[in-house]
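In what follows, a single structure is set out as structure tokens and then discussed.
The values are calculated or read from the model by the stated rules, or taken from the named source; none is laboratory data. The structure displayed is predicted, hence computed values, not measured ones. Cβ placement follows ideal geometry from the backbone for every residue including glycine, while neighbour counts extend to all protein chains displayed. Please note that ligands, DNA and RNA were not included when accessible areas were found on the heavy atoms of the full protein model with its side chains. Shrake-Rupley method; radii C 1.70, N 1.55, O 1.52, S 1.80 Å.
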2 protein chains.
Amino acid sequence: MSKKEELLKAAELKVRSGGYNNFSFRELATEVGIKSASVHYHFPTKSDLGAALAHQYTEEFLKALGDPDELYAAGKNPIDVYINLFRKALVKDKKMCLCGLLGAESDSLPDKVLIETKLFFERNIAWLTQAHTVIAPDNKEAAKRNAIKTIAILEGVMLISKTLDDNQIFEEAILGLGN
Amino acid sequence: MSKKEELLKAAELKVRSGGYNNFSFRELATEVGIKSASVHYHFPTKSDLGAALAHQYTEEFLKALGDPDELYAAGKNPIDVYINLFRKALVKDKKMCLCGLLGAESDSLPDKVLIETKLFFERNIAWLTQAHTVIAPDNKEAAKRNAIKTIAILEGVMLISKTLDDNQIFEEAILGLGN
DNA sequence: CAAGAACTATCTACTGATAGGTAGCTTAAC
DNA sequence: GTTAAGCTACCTATCAGTAGATAGTTCTTG
């Protein structure tokens with residue numbers, strides 16, 4: 001893993017724990033074993049790093065999901081696949097969704113970072129709309145509404161489960177969601 | 001309004017825009033017209049201020065809601081009352097829920113602040129459980145599950161509506177929630 | 001009722017730590 | 001001999017927090 005990739009991984013953990021202001025170039029540099037001035041070589045400013053982070057997170061998220069139509073064709077419920085990706089973030093990583101946290105702070109985010117955070121939600125809503133459409137093709141006008149409900153409940157319950165340190169809350173909230 | 005109250009109000013806006021790290025004693029002091037050292041007179045440390053902020057927010061939130069049983073007796077749907085309080089925060093204040101934001105950052109919060117943030121969610125889930133119980137008394141085992149779903153979807157959609165700067169997303173997500 | 005003690009709310013001046021960012025040098029690889 | 005990737009050394013700004021002084025108010029008590 002290159003230093004640049006190491007920096008992004010270290011920053012991801014920090015941001016997913018406490019938001020955009022929760023990491024500094026000095027901390028990141030120490031963690032990956034370089035000097036803070038060298039971080040500016042890879043990312044000219046902090047907002048460049050933040051934007052790259054949100055962009056990479058979105059790409060990896062959607063890549064991990066796959067295509068809703070193909071999932072359905074393979075006999076899987078794409079909504080369950082989606083839920084499982086959030087469950088993994090909560091249970092395995094024990095961290096918030098990166099863009100969930102950034103979104104909550106959207107009022108105070110640099111433009112570059114905000115743009116990438118918006119793209120995360122737009123692309124996720126599009127994915128979920130397609131997922132709901134393939135499950136219930138006769139109900140197209142409701143697909144987007146259900147997409148919004150699905151991502152809202154997942155971001156929300158993630159935040160609450162983490163705060164109360166109780167994964168059972170997550171499980172209760174998602175009951176009946178994949179229908 | 002006392003300086004102490006002014007400080008809490010100023011801090012609330014900052015935190016609801018960008019989280020716990022988004023305010024400083026200096027900024028707050030300047031805004032209310034005193035020196036930063038004087039802020040320490042009212043709140044010995046930053047975490048004391050943060051805890052007081054979350055506590056006051058919770059108290060005011062529950063006070064604004066009223067009692068679910070009384071609301072129901074007065075012919076109102078308490079879930080609709082609850083939704084309206086979130087709608088007001090989003091549309092009028094144009095800000096996130098304070099404890100929603102703090103909860104997202106819970107991993108990096110000082111203990112004092114975390115305790116108050118947890119209390120917000122515990123008390124809100126209790127309120128919503130009672131609200132769902134009074135609406136559907138024969139369905140008690142589902143009341144807590146519905147309470148979790150309700151607050152999760154509201155915190156989640158608030159975050160997403162704010163990020164995408166689109167209040168219509170909020171309205172779509174809450175359709176059918178008050179039944 | 002008046003003297004003095006204690007308290008409230010503020011100030012100035014400071015500390016040590018940390019922040020993001022910049023200029024210019026070095027080193028190694030191609 | 002250019003470039004990538006790092007370095008040292010520095011800058012200015014800001015951070016939370018502390019010490020000690022002060023003016024005005026309130027409480028206590030002789």
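Sort out which residues of the stretch B:39-55 are open to solvent by less than 50 Å² (accessible area, probe 1.4 Å) and among the polar types (S, T, N, Q), and write them in order of number.
The one that is open to solvent by less than 50 Å² (accessible area, probe 1.4 Å) and among the polar types (S, T, N, Q): B:SER47.
Residue check, A:ALA54 against (1) in contact with a Ser or Thr (Cβ under 6 Å, 6 or more places away or on another chain); (2) within 14 Å of chain B (Cβ to nearest Cβ); (3) at pLDDT below 95, all met but one. Which one?
Among (1) in contact with a Ser or Thr (Cβ under 6 Å, 6 or more places away or on another chain); (2) within 14 Å of chain B (Cβ to nearest Cβ); (3) at pLDDT below 95, A:ALA54 violates only (3).
Out of the residues in the stretch A:64-75 that are outside any helix (DSSP H, G or I) and exposed (fewer than 14 other Cβ atoms within 10 Å of the Cβ), state the one that is farthest from DNA strand D (Cβ to nearest atom).
Let us first name the residues in the stretch A:64-75 that are outside any helix (DSSP H, G or I), namely A:66-67, A:74-75.
This time we only want the ones that are exposed (fewer than 14 other Cβ atoms within 10 Å of the Cβ), so: A:74-75.
Working: A:ALA74: 39, A:GLY75: 44 Å.
Checking each candidate, the answer is A:GLY75.
Just name the residue that is surrounded by the fewest Cβ atoms within 10 Å (Cβ to Cβ) out of those in the stretch A:87-112 that are away from every other protein chain (no Cβ under 11 Å), out of contact with any Lys or Arg (no Cβ under 9 Å at 6 or more places or on another chain) and touching a residue at least 12 places away in the same chain (Cβ under 8 Å).
Per the stated criteria, the residue is A:ASP111.
Any idea how many residues of the stretch B:168-179 are in contact with a helix residue (DSSP H, G or I) (Cβ under 6 Å, 6 or more places away or on another chain), assigned to a helix (DSSP H, G or I) and either open to solvent by 30 Å² or more (accessible area, probe 1.4 Å) or farther than 11 Å from B:PHE86 by Cα (or both)? Please lay out each step first, then the result.
First, pick out the residues of the stretch B:168-179 that are in contact with a helix residue (DSSP H, G or I) (Cβ under 6 Å, 6 or more places away or on another chain): B:169-170, B:172-174, B:178.
Checking the rest, the ones that are also assigned to a helix (DSSP H, G or I) come to B:169-170, B:172-174.
Next cut, either open to solvent by 30 Å² or more (accessible area, probe 1.4 Å) or farther than 11 Å from B:PHE86 by Cα (or both) only: B:169, B:172-173.
So the answer is 3.
If you go through the stretch A:138-155 one residue at a time, do you hit one that is touching a Lys or Arg at 6+ places or on another chain (Cβ under 7 Å) and either free of Cβ contacts under 8 Å to residues at least 24 places away in the same chain or in a helix (DSSP H, G or I) (or both)?
Checked the stretch A:138-155: at least one residue is touching a Lys or Arg at 6+ places or on another chain (Cβ under 7 Å) and either free of Cβ contacts under 8 Å to residues at least 24 places away in the same chain or in a helix (DSSP H, G or I) (or both).
Name the residues in the stretch A:22-63 that are closer than 22 Å to A:LYS94 by Cβ and near DNA strand D (Cβ under 10 Å from one of its atoms), would you?
A:VAL32, the sole residue that qualifies.
Residue by residue through the stretch B:1-36, note down the ones that are part of a helix (DSSP H, G or I), among the charged types (D, E, K, R) and within 13 Å of DNA strand C (Cβ to nearest atom). Show your work before the answer.
Initially, the stretch B:1-36 is screened for residues part of a helix (DSSP H, G or I), giving B:3-18, B:20-22, B:25-32, B:36.
Applying the additional criterion that residues be among the charged types (D, E, K, R) yields B:3-6, B:9, B:12, B:14, B:16, B:26-27, B:31.
Residues satisfying the conditions are B:LYS3, B:LYS4, B:GLU5, B:GLU6, B:ARG26, B:GLU31.
Within the stretch B:114-153, which residues are open to solvent by less than 30 Å² (accessible area, probe 1.4 Å) and within 11 Å of another protein chain (Cβ to nearest Cβ)?
The answer is B:THR117, B:PHE120, B:PHE121, B:ASN124, B:ILE125, B:ALA142, B:ALA147, B:ILE148, B:THR150, B:ILE151, B:ALA152, B:ILE153.
What pairs come out if I take residues in the stretch A:22-33 that are away from chain B (no Cβ under 14 Å) and on the phi > 0 side of the Ramachandran plot and pair them with residues that are part of a helix (DSSP H, G or I) and more than 6 Å from DNA strand C (Cβ to nearest atom) whose C-beta lies under 9 Å away, six or more apart or interchain?
A:GLY33/A:LYS3; A:GLY33/A:GLU6
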